[in-house]
Amino acid sequence: MKLASLKSGRDGRLVVVSKDLAWFAPADTIAPTLQAALDDWGRCEPMLRALSLSLESGGQPRERFHEHEAASPLPRAYQWADGSAYVNHVALMRQALAADMPASFWTDPLMYQGGSDGFLAPRDPIPLADEAYGCDLEGEIAVIIGDVAMGAGRDACLAAIRLVLLTNDVSLRNLMPGELAKGFGFFHSKPASAFSPVAVTPEALGQAWRDGKLHGALEVAINGKPFGEPDAGIDMTFDFPTLIAHAAKTRALSAGTVIGPGTVSNRDKDGGPGKPMDQGGLGYACIAEVRTVETLQLGAAKTPFLRYGDTIRIEMRDHGRHSLFGAIEQRVEPCA
């Protein structure tokens, strides 16, 4: 089942989308918004599934689905917590800074709480106040969960995953060092993120969803040129149930919480840092990682961060090359 929120008010209008992302059927008679459906999932999910089946069989009035009319599936959320499950990415960053890598990073997830009071739509511009901030994209997978009790175990956390989606976790890299030096985490360096047009239930992803991970190439392009195709299911040290359990260690999590694992990152097949696509590697899902590799290998970074007018695209496809979630496609623009 695929769900989306068409732009309407603050929280969008819930619709069910066909598997091929070509059609939608309004679902607001079942629940006006995705958050309302998540709050009453036990009642709403069977009705939404029935609507989805009717849409696929042609037994339901339908309308054309246009991705540019979609908000992020949750235009705002009660909570957005992002981790760093691809520890390869963290290790590279620390190596470039000549900083020690604590052994605990391989056993205890890193996580920060981002801003969730308003997400960018998947085709909205990325507003940037100053190019000197070092604007970066971060291609990620994310999950939306139902209610999770404090201290919940892995099985309960896996069962709580309602939907899977993609995100561009926008980062302002040049603001990070000053914030981290304060010892109190990210704030200014983590502006609004954007999510894919469509969120998908785990079983609808078939074999791509297994072991609490989404497997497959995350396609990232900058200015129309392929930048990376790392596999989201490889080198993911902590799976989604582990991340959810980590977040729920000392607090209950409410339905509609969004959990991310951080930038998708793969090692090279020789075990070293990932290589650019034009060198036969899988490339990268963020600019900071290629800059880190350049620093380690060349002594200095040469790839610039995003500038005004640059465009990014993030997408994932099935084995038949059909888009699973639709595409995040954004242009960097000065703040109005």
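List of remarks:
- Within region 292-309, restricting attention to residues that are modelled with pLDDT of 95 or more and over 20 Å from the mean Cα position of the chain (by Cα), the residue that is nearest to residue 227 (Cα to Cα) is 303.
- Considering region 246-336, the qualifying strands (runs of 3 or more DSSP E), each wholly inside and each with 3 or more residues that are touching a strand residue (DSSP E or B) at 6+ places or on another chain (Cβ under 9 Å) and under 26 Å from residue 37 (Cα atoms), run over 258-260.
- Any chance residue 192 is open to solvent by less than 10 Å² (accessible area, probe 1.4 Å) and in contact with a strand residue (DSSP E or B) (Cβ under 6 Å, 6 or more places away or on another chain): no
- Region 123-141: number of residues that are charged (D, E, K, R) and surrounded by fewer than 19 Cβ atoms within 10 Å (Cβ to Cβ): 2
- Filter result for residue 222 (under 18 Å from residue 169 (Cα atoms), surrounded by fewer than 20 Cβ atoms within 10 Å (Cβ to Cβ) and not hydroxyl-bearing (Ser, Thr, Tyr)): yes
- Residue count for region 43-72 under the criterion of being closer than 17 Å to residue 324 by Cα and of a type in the set (S, T, N, Q): the result is 2.
- Among all residues of region 60-77, there is at least one that is under 30 Å from residue 291 (Cα atoms), small (Gly, Ala, Ser) and open to solvent by less than 10 Å² (accessible area, probe 1.4 Å).
Each row is one residue, and each column tells you yes or no for (1) open to solvent by 10 Å² or more (accessible area, probe 1.4 Å); (2) in contact with a helix residue (DSSP H, G or I) (Cβ under 9 Å, 6 or more places away or on another chain); (3) farther than 26 Å from residue 326 by Cα; (4) among the hydrophobic types (A, V, I, L, M, F, W, C).
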position: 228; (1), (2), (3), (4): no, yes, no, no
position: 231; (1), (2), (3), (4): yes, no, no, no
position: 240; (1), (2), (3), (4): no, yes, no, yes
position: 251; (1), (2), (3), (4): yes, no, yes, no
position: 261; (1), (2), (3), (4): no, yes, no, no
position: 281; (1), (2), (3), (4): yes, no, no, no
position: 284; (1), (2), (3), (4): no, yes, no, no
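- Subset of region 166-184 (residues that are buried (at least 21 other Cβ atoms within 10 Å of the Cβ) and assigned to a loop (DSSP other than H, G, I, E, B)): 169, 170
- Condition met for residue 274 (small (Gly, Ala, Ser), out of contact with any Cys (no Cβ under 6 Å at 6 or more places or on another chain) and open to solvent by 30 Å² or more (accessible area, probe 1.4 Å)): no
- Some residue of region 9-30 being basic (Lys, Arg), in contact with a strand residue (DSSP E or B) (Cβ under 6 Å, 6 or more places away or on another chain) and under 22 Å from residue 166 (Cα atoms): yes
- Search result, residues across region 85-99 that are modelled with pLDDT of 75 or more and either aromatic (Phe, Trp, Tyr) or out of contact with any Ser or Thr (no Cβ under 9 Å at 6 or more places or on another chain) (or both): 86, 91
- Being free of Cβ contacts under 8 Å to residues at least 24 places away in the same chain, open to solvent by 50 Å² or more (accessible area, probe 1.4 Å) and in contact with an Asp or Glu (Cβ under 9 Å, 6 or more places away or on another chain) is a property that residue 94 has.
The values are calculated or read from the model by the stated rules, or taken from the named source; none is laboratory data. All figures in this text were calculated on a predicted structure; none of them were measured in a lab. So basically every Cβ, Gly included, is an ideal-geometry build from the backbone, and we count neighbours across all protein chains shown. The area values use the complete protein model at the heavy-atom level, side chains included, leaving out ligands, DNA and RNA. Shrake-Rupley method; radii C 1.70, N 1.55, O 1.52, S 1.80 Å.
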